[in-house]
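Novice: Pasting a structure here, questions to come.
Every number in this text was worked out from the coordinates using simple rules, so none of it is lab data. If you're wondering where the values come from, they're calculated on a predicted model, not measured in any experiment. Methodologically, a virtual Cβ is constructed for each residue, glycine included, from the backbone with ideal geometry; neighbour enumeration extends over all protein chains shown.
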Amino acid sequence: MPDYAFRPLTPADLPLVRHWILQPHVARWWGDTDEEMAAIATIFDDPHVEAFVMLLDGAPVGYFQAYDPNAEDGHPFAGEPVGTLGLDLSIGDPGLVGRGHGSAFIRAFAVSAFARGVPRLVTDPHPDNPASIRAFEKAGFVRREVRDVPQFGRFLFMTCDAAPAKLAPWP
């Protein structure tokens, strides 16, 4: 059985994250690479965002971040229950996409977050990204609505509420 783990992102990981963002299956869903990397570099000084490298059997395979949507003025998820976390992730290796790893990472993070008292997780895949939507649904997320927000673009708002019985550890 694969081991899914997270380790905190460090500045030394930024070239690897850039490499992942440049992969066609990831780049399609991200903005300008230089702008995205500049934003990721600010995470180290932001107490409202945690960034991680996803590890599959100890090997780095992708980027994961959790953030407090209530901490950013005008964020489209502001007003969610206190303690809610927004999630973003990208698997860098195209050979690992479509094999259940995304949902396994999401589920592993969710189980841990809910055990710490996080009441809700939210995410915002593009409505035209069925692989991402499917991964979040397999991890227990529910589709809420498609939103168009000028600063954030078009996205499918999805949520997953704390439900320990429903989110038992991955088999």
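Novice: In deg cm²/dmol and to the nearest 500, what is the mean residue ellipticity at 222 nm of the chain if only DSSP H runs of at least 4 residues count, each as -39500 (n - 2.57), divided by the residue total?
Specialist: Values: 5 runs with 46 residues, N = 171.
Per the formula, -7500 deg cm²/dmol.
Novice: Moving to a separate point now. Below 15 angstrom from the Cβ of TRP30, what's the summed charge of the other residues (Lys, Arg +1; Asp, Glu -1)?
Specialist: Numbers: positive: ARG18, ARG28, ARG154; negative: ASP32, ASP34, GLU35, GLU36, ASP88, ASP124, ASP128.
It works out to a net charge of -4.
Novice: Sort VAL146, VAL17 so that the residue with the fewest other Cβ atoms within 10 Å of its own Cβ comes first and the one with the most comes last.
Specialist: VAL146, VAL17
Novice: Right, here's the next one. Would you mind getting me the FRET efficiency between ASP73 and HIS25? Use the beta-carbon distance for r and R0 = 41 Å, nearest 0.05. Show your work: numbers first, answer last.
Specialist: Details: r = 32 Å, r/R0 = 0.79.
So the FRET efficiency works out to roughly 0.80.
Novice: Charges only on Cβ, +1 for Lys and Arg, -1 for Asp and Glu: so what's the dipole of the chain about the Cα centre, in debye to the nearest 20? Mind dumping the intermediate values first?
Specialist: Numbers: 14 positive and 22 negative charges, 167 e Å.
Value, rounded to 20: 800 debye.
Novice: Another question about this same structure. I want to verify a result. In a Gaussian network model of the chain, Cα cutoff 10 Å, which of these has the top mean-square fluctuation: ALA12, ALA135, ALA51?
Specialist: Most flexible of the set in this elastic network: ALA12.
Novice: Normalized C-alpha radius of gyration of the chain, against 2.2 N^0.38 Å?
Specialist: Details: Rg = 15.0 Å, N = 171, 2.2 N^0.38 = 15.5 Å.
For the chain, the normalised Cα radius of gyration comes out at 0.97.
Novice: In nm, what is the difference between 0.36 nm times the number of residues separating GLU36 and LEU16 and their Cα-Cα distance? Display every interim value, and only then the final one.
Specialist: Numbers: separation 20, 0.36 × 20 = 7.20 nm, distance 1.34 nm.
Full-extension gain reported as 5.9 nm.
Novice: With a ≥ b ≥ c the root eigenvalues of the C-alpha gyration tensor of segment 70-150, is it rounded (a/c under 1.5), prolate (a/b larger than b/c) or oblate? Walk me through the intermediate numbers first.
Specialist: Working: a/c = 2.08, a/b = 1.28, b/c = 1.62.
Oblate is the answer for segment 70-150, as a/c is 1.5 or above yet b/c matches or exceeds a/b.
Novice: Another one. Using each residue's phi in segment 28-39, evaluate 6.51 cos²θ - 1.76 cosθ + 1.60 at θ = phi - 60° and report the 3J(HN,Hα) Karplus result to the nearest Hz, with x for Gly and Pro.
Specialist: Working through the residues one at a time gives 4, 9, 9, x, 4, 4, 5, 5, 5, 5, 4, 5 Hz.
Novice: Where does each of ILE43, ILE91 land when they are ranked from fewest to most other beta-carbon atoms within 10 angstrom? Please list the in-between numbers first.
Specialist: Working: ILE43 14, ILE91 26.
By the 10 Å Cβ count, ascending: ILE43, ILE91.
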